[in-house]
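Step one of this worksheet: look at the structure below.
Throughout, read-outs are computed from the coordinates displayed, never taken from laboratory work. Owing to the predicted nature of the structure, the values given are computational and were not obtained by experimental measurement. Reconstructed Cβ throughout: ideal geometry from the backbone, glycine too, with neighbour counts over all protein chains shown.
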Amino acid sequence: MSSGFDPIIHPLNRLQICALLAPIDEMEFSLIREELQVSDSVLSKQLRYLEEAGYIQPRKANQGGRQRTWLSLTKTGRKAFAGHVRALQEVAEQADLLGN
Amino acid sequence: MGKNDNNNDKLTAEEARRSLDSIRGSGKRIVDQLHVPWWHDPLLGLCLALLVMHHGFPTPLDILSVALGCLGVFFVLHNYTHQKVWVSGWRKGKTEVVSYIFFVVYLIVFAASYYFNWKGYTWVVPLSGAFIFVALMIFGRVWMAVWRKEMEESE
């Protein structure tokens with residue numbers, strides 16, 4: 001197991017959240033939900049794990065009379081995501097070399 | 001932990017490939033979601049042009065143009081950061097180079113405009129404003145094209 005492997009990021013939904021947030025600054029909650037095709041509660045739960053780990057940061061603002069939330073990856077989160085993707089690539093490449 | 005959690009120490013190649021497949025195409029999906037209102041670049045260009053030209057206006061118009069320029073820039077940035085997705089002009093990568101080039105061009109035009117106006121060539125003032133407006137429009141398109149390409153290449 002590569003040292004970059006991160007069990008917090010590894011679950012599919014969380015990995016996809018990080019992949020969506022990695023190349024940008026912020027994305028709104030509703031758009032992440034649409035992209036992942038999950039319910040509000042499922043997304044909130046996954047985001048809580050990432051937030052508790054210090055990987056994402058929410059920003060809330062009122063717009064058009066309702067509260068909206070934007071999410072961004074923190075510096076720690078970006079580093080952890082990059083390391084995790086590298087670990088996944090290493091495992092896949094090693095298996096390819098061994099012909100698995 | 002969630003239903004799809006995996007805390008096993010052994011990550012299989014199959015699982016790694018499945019995870020990588022699940023995030024492939026994220027860049028393209030983000031590109032499709034980034035919608036910048038059409039009026040952002042023209043308004044930002046107009047504000048930056050005002051800020052470049054302000055020294056050529058008599059008082060209190062010069063102060064008013066600085067205030068309007070700053071307010072306009074703030075308004076555009078505020079609106080941009082309230083889109084569903086937004087990306088900083090200064091993000092790391094090739095787009096950062098494009099931003100620095102524009103920044104340097106802006107400083108040179110500002111300094112040249114100030115200097116030549118001081119020397120008596122007052123026609124330089126509107127010319128520098130027009131130049132910055134056009135440069136911003138071009139810069140906006142180039143920046144977006146570079147970003148899109150970078151996103152697609154990162155797949």
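Between residue B:123 and residue B:103, what's the calculated FRET efficiency when r is the beta-carbon distance and R0 is 30 Å? Round to 0.05.
0.75
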Checklist entry - To the nearest 20 debye, what charge dipole does the protein assembly as shown have about its Cα centre, counting +1 at the Cβ of each Lys and Arg and -1 at the Cβ of each Asp and Glu? => result 440 debye
Next on the checklist: Checking the a/c ratio against 1.5 first, then a/b against b/c, what shape does the Cα gyration tensor give for chain A?
Outcome noted: prolate
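Once you have the Kirkwood Rh of the protein assembly as shown from its Cα pairs, apply Stokes-Einstein at 25 °C and 0.890 mPa s and quote D in µm²/s.
118 µm²/s
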Next on the checklist: From the helices alone, meaning DSSP H stretches of at least four residues, give me the mean residue ellipticity at 222 nm for chain B, per-run term -39500 (n - 2.57), in deg cm²/dmol to the nearest 500.
Outcome noted: -23500 deg cm²/dmol
Next on the checklist: Excluding same-chain pairs closer than 8 in sequence, count the lysine pairs in segment B:1-140 whose Cα atoms lie under 21 Å apart.
Outcome noted: 4
Checklist entry - What is the average number of partner chain Cβ atoms found within 10 Å of a Cβ in B:74-83? => result 2
Next on the checklist: What does the C-alpha gyration tensor say about the overall shape of chain B? Classify as rounded when a/c is under 1.5, otherwise prolate if a/b is larger than b/c, or oblate.
Outcome noted: prolate
Checklist entry - Suppose every K and R has +1 on its Cβ and every D and E has -1 on its Cβ; what is the size of the dipole of chain A about the Cα centre, in Debye to the nearest 20? => result 440 debye
Item to check | Segment residue B:24-residue B:154, length gained on full extension (0.36 nm per residue, minus Cα span) | outcome: 45.9 nm
Item to check | Helix-only mean residue ellipticity at 222 nm for chain A, each DSSP H run of n ≥ 4 adding -39500 (n - 2.57), per residue, nearest 500 | outcome: -17500 deg cm²/dmol
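Averaged over peptide A:87-93, how many Cβ atoms belonging to another chain are found within 10 Å of each residue's Cβ?
The mean count of partner-chain Cβ atoms within 10 Å per residue comes to 6.
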Item to check | Spin-label zone in segment B:128-146 - amide nitrogen under 18 Å from a point set 7 Å from the Cα of residue B:115 along the C-beta vector | outcome: B:128-129, B:131-132
Checklist entry - Arranged from highest to lowest average of other beta-carbon atoms within 10 Å per residue, in what order do the peptides B:58-69, B:94-105 appear? => result B:94-105, B:58-69
Item to check | For chain B, size of Cβ-based charge dipole, Lys and Arg +1, Asp and Glu -1, in debye | outcome: 80 debye
Checklist outcome for this item: For the residue B:15, residue A:82 Cβ pair and Förster radius 22 Å, calculated FRET efficiency rounded to 0.05 is 0.70
